[in-house]
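J.: Have a look at this one.
Derivation of every value follows stated rules applied to the coordinates shown; laboratory data play no part. Values in this document were obtained by computation on a predicted structure and should not be read as measured data. With ideal geometry, Cβ positions are generated from the backbone for all residues, glycine too; neighbour counts draw on all protein chains shown.
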Amino acid sequence: MSDAPALPVLILLGTAILAPLVSLLLRRSARALAVAAVAAAASISAVNLVRVLGRGTLHTHMAGWPPPIGIEYVLDPLAAFVAAVINSIVLIVLVHARLSVDAEIPDRSRHVSFYALVLLMLCGFNGIVATGDFFNLYVWLEISSLSLYGLVAAGDRRSPVAAFRYLIMGTIGATFYLLGLGFLFVMTGSLNMADLAAILPHVWREPPVVVGLVLMVAGMSIKMALFPLHGWLPDAYTTAPSSASALIAPTGTKVGAYVLIRLLFFVFGAEFAARTLPVTSVIGWLAAAAVIYGSVMAMAQKELKRMLAFSSVAQVGYIGIGIGLASPLGLIGAVLHVLNHACMKALLFLVAGSFRLKLGHSRIDRFNAAVRRQMPWTTAAFAAGALSMVGVPPLAGFFSKWYLALGAVRASNWIFLAVILVSSLLNAVYFFRVLERLYMGKTGGPGKQEGPAGEAVEDGPRDGEAAASMLVPVLLLAAALLVIGLLNAVVVKQVIMKMIPQGMM
Amino acid sequence: MREFDSDDIVILVSRTLSPFIMLFALYVVFHGHYSPGGGFQGGTMLAAAVILIRLAAGSELAHLQFPRELGTPLGAAGVFIYFGTGLATMLGGGRFLDYAFLPLAGTAPALRSLGILLVEVGVGLAVLGILTAIFDDLLEGSGE
Amino acid sequence: MKTLDFFVGHYAYWFVVALLVLGLYGMMVKRNLVKKLIGMTIFQVAVIIFYIASAVKREATIPIADKAIGTADASLYINPLQHTLMLTAIVVGVATAGVAYALLIIIFRRYNTLHEPELMEAMKREEEEDGDE
């Protein structure tokens with residue numbers, strides 16, 4: 001019984017508190033501290049993942065009090081996997097963030113707050129993933145959400161309004177979750193996840209338990225941006241600073257999906273959540289609608305980040321379809337998509353950040369072949385990310401869609417299958433639109449190229465390719481997509497198969 | 001924002017009341033485990049005592065008593081006391097925040113009581129700092 | 001009698017329902033951003049009262065150890081767990097309100113209005129200006 005599950009949380013929390021204090025003395029240290037802390041958290045989560053896969057679930061009791069009296073932190077394969085993915089992605093994005101943050105947040109004194117908020121956000125996410133107590137989860141959920149509101153508000157002129165809308169919707173979601181938890185607590189007397197899983201089979205039929213489940217699912221669906229509760233997402237992702245978008249897009253909604261999976265399949269059990277009460281079916285159908293809606297809206301966008309935001313709505317829909325299938329294949333598809341989408345979205349948003357830094361904009365109608373000639377490697381990485389999103393083998397994106405499609409076929413749900421196939425076509429439409437402009441667009445297209453200060457510049461390489469600190473993370477993620485795709489059988493067999501709960505096989 | 005208009009009666013009453021509010025707030029913080037109270041409640045009252053002077057005497061005068069720059073670092077220091085207590089327990093051999101393992105002399109129940117007290121003091125300081133910082137930020141400057 | 005018990009016996013929960021509906025109404029229907037925020041606060045307070053109402057026991061007193069009553073019988077004190085949970089929830093509500101008011105101040109400084117239709121107008125005009133560049 002070691003402290004391992006709680007260590008990433010404690011390290012990130014400690015650094016988040018230290019960063020403002022230390023940067024009073026050493027002015028520029030906030031970023032270095034943040035990178036060091038996230039690197040430590042990422043390595044600990046990787047080690048934890050290996051340990052959990054080898055030796056089974058890790059437990060730690062906070063303050064020594066045993067559950068169900070005390071708060072317990074549990075790392076089972078699912079939690080360890082999600083934690084490792086989130087920490088690694090944030091580490092890669094933070095490396096890229098140095099130049100992007102310098103450009104998009106001109107006021108130096110705000111950088112300390114930015115990095116402290118990033119640390120708090122990641123601390124909250126790690127807490128959500130590691131905790132074994134539902135109320136503790138609410139606390140971490142709100143910590144991470146408040147940091148997210150702050151990160152979103154740091155962007156351009158419209159970002160405070162987007163952040164305010166996100167705040168209202170996010171708080172409604174968290175309050176619904178709390179209310180639902182209240183019902184569950186009144187009926188069962190416990191807040192501990194393992195304890196609830198043992199008690200719930202005795203009280204399933206009671207109306208308060210059903211209401212509690214529905215409220216908690218509704219609350220987490222708002223956090224996860226499941227259609228039609230996704231209203232906060234497009235504006236928030238678009239107006240946030242590019243680094244912030246790259247930080248929250250791969251991680252925020254995934255953690256919400258993790259909570260749903262934990263709640264529906266591990267605490268309530270697939271038996272209740274799917275068959276006794278059609279909760280997963282509702283989630284599945286809403287998710288299918290999300291996929292179509294997100295893909296269609298993405299096709300209409302003129303700005304890269306907004307297009308990627310709607311694409312995120314669609315991708316969350318894929319994970320929702322996986323949850324909705326409530327079968328082992330569905331869960332495999334959903335969890336694999338968590339990994340894949342984190343890498344893909346981080347890559348695409350980082351490229352958008354590089355474009356904004358080097359070109360001064362990220363509007364699709366102003367992309368042309370000059371961009372590709374100026375930044376060949378970044379554009380190539382973007383192409384890899386785009387192909388993966390569409391689902392072209394052997395890149396990673398294909399395999400999660402493959403498992404979801406297999407799950408849909410196994411469940412004889414032809415509509416889900418059709419949704420997956422049609423949406424891949426729609427993805428192809430809006431991504432290839434961008435790729436066509438970049439690879440085959442005419443130079444000197446409509447309007448002159450503009451430098452970051454708005455002056456008109458001639459075509460041709462101006463500032464050149466993105467700097468190493470921005471290029472290396474992007475290329476690393478692109479390579480990761482290829483590696484995960486080729487090794488997906490290993491990932492599924494060694495990691496994800498161990499996550500499937502008893503009641504589902 | 002309207003021009004600040006100073007009034008002798010308001011200033012006199014606030015100056016008299018503010019120390020008593022702070023004293024009562026300290027009582028609330030330290031008696032958290034014997035009566036309703038604790039860190040957050042006491043911290044809010046401490047912040048109220050400080051903000052009362054800001055409201056009554058105006059920002060320039062009040063910043064002589066409790067400077068503007070002190071808010072956020074005090075908040076961070078308060079959280080650090082909390083975290084530090086937890087770290088001390090880990091260094092003493094127990095889990096995070098297991099007060100019985102604080103590296104001090106005493107029986108386990110006495111150490112637990114002391115640990116909670118330390119934590120409450122940390123929380124009180126943190127709440128004082130942060131609420132005052134929120135008030136100062138809302139009042140002036142564009143989103144510092 | 002059963003209908004009377006349904007309404008009067010559960011009056012605390014009806015109160016919570018009324019506050020929830022008020023809060024949701026404020027958030028959805030009111031057009032001023034500050035009123036939306038007040039609605040959100042009312043909504044959170046409703047959940048807090050729900051938890052506290054669920055902690056009550058018959059013939060029980062507040063959960064502070066009393067020398068006269070002693071600590072042997074737990075049914076003489078109301079359940080303190082919900083109260084401690086709600087302390088945390090209140091703090092979360094305060095922090096959220098703080099962040100929200102800071103955002104509102106920034107919005108007001110940039111757009112000079114907190115009335116949502118006017119705000120949407122101002123943002124749309126700004127977006128058109130950005131698009132014309």
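J.: Dipole magnitude of chain A about its Cα centre, charges +1 at Lys/Arg Cβ and -1 at Asp/Glu Cβ only, in debye to the nearest 20?
T.: Roughly 820 debye for chain A.
J.: Compute the acute angle (0 to 90°) between the alpha-carbon long axis of helix C:80-111 and the principal axis of greatest extent of the alpha-carbon atoms of chain C; round to the nearest 10°.
T.: Once rounded, the angle reads 10 degrees.
J.: If we count every other residue with Cβ under 10 angstrom of C:Leu33's Cβ, Lys/Arg +1 and Asp/Glu -1, where does the sum land?
T.: Residues close to C:Leu33 contribute a combined charge of +4.
J.: Straight distance only, please: which aspartates and glutamates reach the Cα of C:Lys35 with their own Cα at less than 12 Å, same-chain residues fewer than 8 apart left out?
T.: Those aspartates and glutamates meeting the cut-off are C:Glu116.
J.: Could you work out how far helix A:134-153 tilts from the main Cα principal axis of chain A, as a 0 to 90 degree angle to the nearest 10?
T.: Relative to chain A, helix A:134-153 is tipped by roughly 10 degrees.
J.: To the nearest 0.05, how large is the calculated FRET efficiency for C:Glu129 and A:Phe432 if R₀ is 41 Å and r is the Cβ-Cβ distance?
T.: 0.85
J.: Still on this structure, please answer the following. Run the simple label-point estimate for C:Ala95 and B:Leu87 please: 7 Å along Cα→C-beta, distance reported in nm.
T.: Going by the 7 Å Cα→Cβ label model, 1.9 nm.
J.: Based on the Kirkwood radius over alpha-carbon pairs, what value in µm²/s does the Stokes-Einstein equation return for the translational diffusion coefficient of segment A:1-157 at 10 °C and 1.306 mPa s?
T.: 99
J.: With a bin width of 10 angstrom, please list the P(r) values of segment B:8-139 as percents of all Cα-Cα pairs, from the 0 bin to the one holding the largest distance.
T.: 14, 36, 29, 15, 6, 1
J.: Multiply the residue gap between C:Val21 and C:Thr3 by 0.36 nm, knock off their C-alpha separation, and tell me the result in nm, one decimal place.
T.: Stretched out fully, the C:Val21 to C:Thr3 stretch lengthens by 4.3 nm.
J.: Next up: Kindly list the residues of segment B:93-110 that lie in the label zone of A:Trp65, defined by a backbone N under 12 Å from the point 7 Å along the Cα-to-C-beta vector.
T.: Hits in segment B:93-110 for A:Trp65 at 12 Å: B:98-99.
J.: A further question follows. So how far apart, in nm, are the two label points at A:Ser2 and A:Val282 if each is 7 Å from Cα heading toward Cβ?
T.: Using points 7 Å along Cα→Cβ, the separation is 4.3 nm.
J.: If I model segment A:155-253 as equal point scatterers sitting on the Cα atoms and use the Debye formula, what is log10 I(q)/I(0) at q = 0.11, 0.12, 0.17, 0.18 Å⁻¹?
T.: -0.43, -0.49, -0.77, -0.81
J.: Let me ask you something else. For chain A, with the dipole built from +1 on Lys and Arg beta-carbon atoms and -1 on Asp and Glu ones, taken about the Cα centre, which of A:Met299, A:Val483, A:Ala80 lies farthest toward the positive end?
T.: Selected residue: A:Met299.
J.: Still on this model: Relative to the longest principal axis of chain A, what angle (0 to 90°, nearest 10) does the C-alpha long axis of helix A:279-299 take?
T.: 0
J.: Here is a follow-up. Per 10 Å bin, what percent of the C-alpha pairs of segment A:109-153 does each bin hold, from zero upward?
T.: Bin by bin from 0 Å, the calculated values are 33, 47, 17, 3.
J.: Using only the alpha-carbon atoms of segment A:272-403 as identical scatterers, what base-10 log of I(q)/I(0) does the Debye formula give at q = 0.19, 0.20 Å⁻¹?
T.: Log10 I(q)/I(0), no solvent term: -1.04, -1.12.
J.: Alpha carbon centre of segment B:1-74 versus segment C:13-71: separation in Å?
T.: Answer, in whole Å: 28.
J.: By the scheme Lys and Arg +1, Asp and Glu -1, what is the net charge of all other residues having a beta-carbon under 13 Å from that of A:Tyr258?
T.: Combined, the nearby Lys, Arg, Asp and Glu give +2.
J.: If contacts are Cα pairs under 8 angstrom and at least 6 residues apart, what is the relative contact order of segment B:8-139 in percent?
T.: Reported relative contact order: 30 percent.
J.: Something else about it: In whole Å, what are the Cα extents of segment A:202-309 along the three principal axes, biggest one first?
T.: 52, 25, 18
J.: Can I ask one more? Taking segment A:270-332 as the region of interest, what is the percent of Cα-Cα pairs per 10 angstrom bin, listed from the shortest bin to the one with the maximum distance?
T.: Per 10 Å bin, starting at zero, the Cα-Cα P(r) for segment A:270-332 comes out as 26, 40, 23, 10, 1 percent.
J.: For segment C:2-132, state the semi-axes of the equivalent ellipsoid (square roots of 5 times the eigenvalues of the alpha-carbon gyration tensor), sorted largest first and rounded to whole angstrom.
T.: Square roots of five times the eigenvalues give 44, 19, 8 Å.
J.: Quick one: net charge of A:Tyr403's neighbours, Cβ under 14 Å, K/R +1, D/E -1?
T.: That sum, taken over residues with Cβ under 14 Å, equals +3.
J.: I would also like to ask the following. How many percent of Cα pairs in segment C:62-104 exceed 16 Å?
T.: Cα-Cα pairs of segment C:62-104 separated by over 16 Å account for 54 percent.
J.: What is the average number of partner chain Cβ atoms found within 10 Å of a Cβ in A:141-150?
T.: The per-residue average across the peptide is 3.
J.: In the calculated pair distance distribution of segment A:83-229, what percentage of Cα-Cα distances lie above 25 Å?
T.: 39
J.: Quick one, can you get me the convex hull of the C-alpha atoms of the protein assembly as shown expressed as volume per residue in Å³?
T.: Roughly 178 Å³ of hull volume per residue.
J.: Let me ask another. Remind me, relative contact order of segment C:59-133 in percent, using alpha carbon pairs under 8 angstrom and six or more residues apart?
T.: 17
J.: Assuming R0 = 30 Å, can you tell me the calculated FRET efficiency for the pair B:Leu61 and B:His31, based on Cβ-Cβ distance, to the nearest 0.05?
T.: Computed FRET efficiency for B:Leu61 and B:His31 comes out at 0.40.
J.: Any idea what the relative contact order of chain A is, in percent, if you count C-alpha pairs under 8 Å spaced at least 6 apart?
T.: Contact order relative to length: 14 percent.
J.: Once the mean 1/r over all distinct Cα pairs of segment C:1-49 is inverted, what Kirkwood radius in angstroms do you read off?
T.: 11.4
J.: Of A:Lys254/A:Lys358; A:Lys345/C:Lys30; C:Lys2/C:Lys57; A:Lys345/A:Lys493; A:Lys401/C:Lys124, which sit over 32 Å apart, Cα to Cα?
T.: A:Lys345/C:Lys30; A:Lys401/C:Lys124
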